[in-house]
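The values are calculated or read from the model by the stated rules, or taken from the named source; none is laboratory data. Predicted, not measured: the structure shown is a model, and the values here were computed from it. In this analysis, Cβ positions are derived from the backbone assuming ideal geometry, glycine residues included, and neighbour counts consider all displayed protein chains.
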Amino acid sequence: MAPPLPLVILLIIHDPPKCASMFISPSAEIVEGDSVTLSCSSDSNPPAKISWFKGGMFVRSGRIYSISNISSDHSGEYKCKSINEHGEKYSDAVMLSVMYAPRNVVVSITGSGEILEGDSVTLSCSSDSNPPALNFSWFKENQSSAVGSGQSFSALQSGRFYCEAHNQHGSQRSDAVTVTVHPGADRNVIVIAATSGGVLFMIIIVLFIM
């Protein structure tokens, strides 16, 4: 009689996800228009289902989250959730920052765009970009060369002025604003009138003393 076969017991242990790890590829600087892949892995039995969240809002299911032609709207904090019937686990949050060239470049005027001769008006340039634009150039319409640099510019003459914002990913120019310089005749009239009034006042005082 043959000896009995040994009894084989298969022990299967089910457990909830113990960890969830998130990875972004490429890991280098991400520029608008690139393709980016987010992947999530977990240790669990049975295998976990994966969900993706951006800023706490559900965006996608599946272990791989691919984004083609990425834009600045995709920037934000991402994390993945690993879940099975025994529990769930979130990964650490990872910030996805998308770089892009300046846009929405706008010139604002401090005060009025109409000034008297000899005065100046300050123009300021602002833009939306990542990283923030640090280089600004100022131009007067119908002139090829720049008339100033920096985020602010003091205009002393009439004309239409615009700025150009730059970062390492590109540049964009603003619409032009109009600066009008009026002759200072009105101011001179006021000065003369004030001087004449002062002389007349002195004459009256002298006559009164006499």
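Does Asp92 qualify as being in contact (Cβ under 8 Å) with a residue 24 or more places away in the chain and within 30 Å of Ala28 (Cα to Cα)? When the stated conditions are applied, Asp92 passes them. Taken together, the residues in the range 109-142 that are surrounded by 12 or more Cβ atoms within 10 Å (Cβ to Cβ), under 16 Å from Arg160 (Cα atoms) and touching a residue at least 24 places away in the same chain (Cβ under 8 Å) amount to 13. When Lys81 is tested against (1) within 27 Å of the chain's Cα centre (by Cα); (2) assigned to a strand (DSSP E or B); (3) not assigned by TED's automatic domain parsing to the domain that holds Gly159, exactly one condition is not met: (1). Quickly run through the range 14-54 and pick out the residues that are small (Gly, Ala, Ser) and assigned to a strand (DSSP E or B). Passing the criteria: Ala20, Ser21, Ser25, Ser39, Ser41, Ser42, Ser51. The set of residues from the range 121-148 being outside any strand (DSSP E or B) and not acidic (Asp, Glu) comprises Pro131, Pro132, Ala133, Leu134, Asn142, Gln143, Ser144, Ser145, Ala146, Val147.
When the range 36-60 is limited to residues that are among the hydroxyl-bearing types (Ser, Thr, Tyr) and modelled with pLDDT of 95 or more, the one that is surrounded by the most Cβ atoms within 10 Å (Cβ to Cβ) turns out to be Ser51.
Restricting the range 90-106 to residues that are crowded, with 19+ Cβ neighbours inside 10 Å and in contact with a Cys (Cβ under 9 Å, 6 or more places away or on another chain), the residue that is farthest from Gln157 (Cα to Cα) is Ser91.
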